[in-house]
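Let me begin by presenting the structure, written as C-alpha cells, before commenting on it.
The values are calculated or read from the model by the stated rules, or taken from the named source; none is laboratory data. Being a predicted model, the structure only gives us computed values, none of them experimental. Note: ideal-geometry Cβ built from the backbone for every residue, glycine included; neighbour counts use all protein chains shown. Keep in mind that these areas ignore ligands, DNA and RNA; they rest on the heavy atoms of the full protein, side chains included. Shrake-Rupley method; radii C 1.70, N 1.55, O 1.52, S 1.80 Å.
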Amino acid sequence: KQEKWGIVGANGAGKSTLLGGITGQFPLDGGKALVAPKVRVGWLQQTAVAGSTRSVREEAASQMTLIQNARRKMEDAEKAIADGNTSDAALQRLTEATEEFQNVGGYTQDQQIYTVLTGLGFAQNEFDASCTEFS
C-alpha cells in the first residue's frame, strides 16, 4: 500500500515546522512523533528551493551531498591519474573513490531524481524548468 500525503495551509501556519518535527529536523516542544517502521517520510525543505534559479533537476541533485562529495573525490582521483600519477596509491584512491560513489548511489542518481520529482508531482518535461516558474 503506497500513500502520498500533502500538508496544505496558509504561509506561516506551521507546515514546515510540523514536517520538521516528524522527520526529526526540528526538536519538538513536547510529545512524540512516531513513524511506523516500514513508513518512509520524504520532505523537500521549502528553503531548498525558495528563490532558486536552478532547474528543478539541478535543485534536487544539489541536495544529494553524499553523491556530490563522492563524485568530486572520484573526479580528483581520475585527474591525478590522467596527469600521470599512476602510483599504487593513486590507483587505490581511484578504486576507493569509485566504490564510495557506487555505494552512495552515484550511478543511480538520475533514477533517484526521477523517482523523487515524479513522486512530488512534477512531469518529466518540467525537470529542466527553473524553480522560479513554480510557487
For K15, which lysines qualify as cross-link partners when the Cα separation must be under 27 Å and same-chain residues fewer than eight apart are set aside?
-> K1, K4, K32, K38
Which one is right for this structure if mean projected area of the Cα convex hull in nm² is calculated from it: (1) 7.7; (2) 11.8; (3) 10.8?
-> (2)
Of the accessible area of the chain, computed with a 1.4 Å probe and all protein chains kept, carbon and sulfur make up a percent value of 51
L91-Q68 pseudo-label distance in nm [points 7 Å out on the Cα-to-Cβ vector] | 3.3
Accessible solvent surface per residue of the chain, calculated while the other protein chains remain in place, 1.4 angstrom probe, Å² | 75
Per DSSP H run of n ≥ 4, the term is -39500 (n - 2.57); total these for the chain, divide by its residue number, and report the mean residue ellipticity at 222 nm rounded to 500 deg cm²/dmol.
-> -14500 deg cm²/dmol
Inter-label distance, nm, simple model (7 Å from Cα along the C-beta direction), F26/Y114 = 3.5
Hey, with R₀ at 22 Å, roughly what FRET efficiency would T53 and E75 work out to, going by the Cβ-Cβ distance, to 0.05?
-> 0.35
Spacing of the two label points (7 Å from each Cα toward its C-beta) at N103 and V35, in nm | 2.4
Please sort 31-37, 80-86 by packing, taking for each peptide the average over its residues of neighbouring beta carbons within 10 angstrom, highest first.
-> 80-86, 31-37
Of K38, K15, K79, the most mobile residue in a GNM of the chain (C-alpha springs, cutoff 10 Å) is K38
For the chain, the helices passing both cut-offs (Cα extent along own axis of 20 Å or more, Kyte-Doolittle mean at least -1.0, full DSSP H runs) are 65-82, 88-103
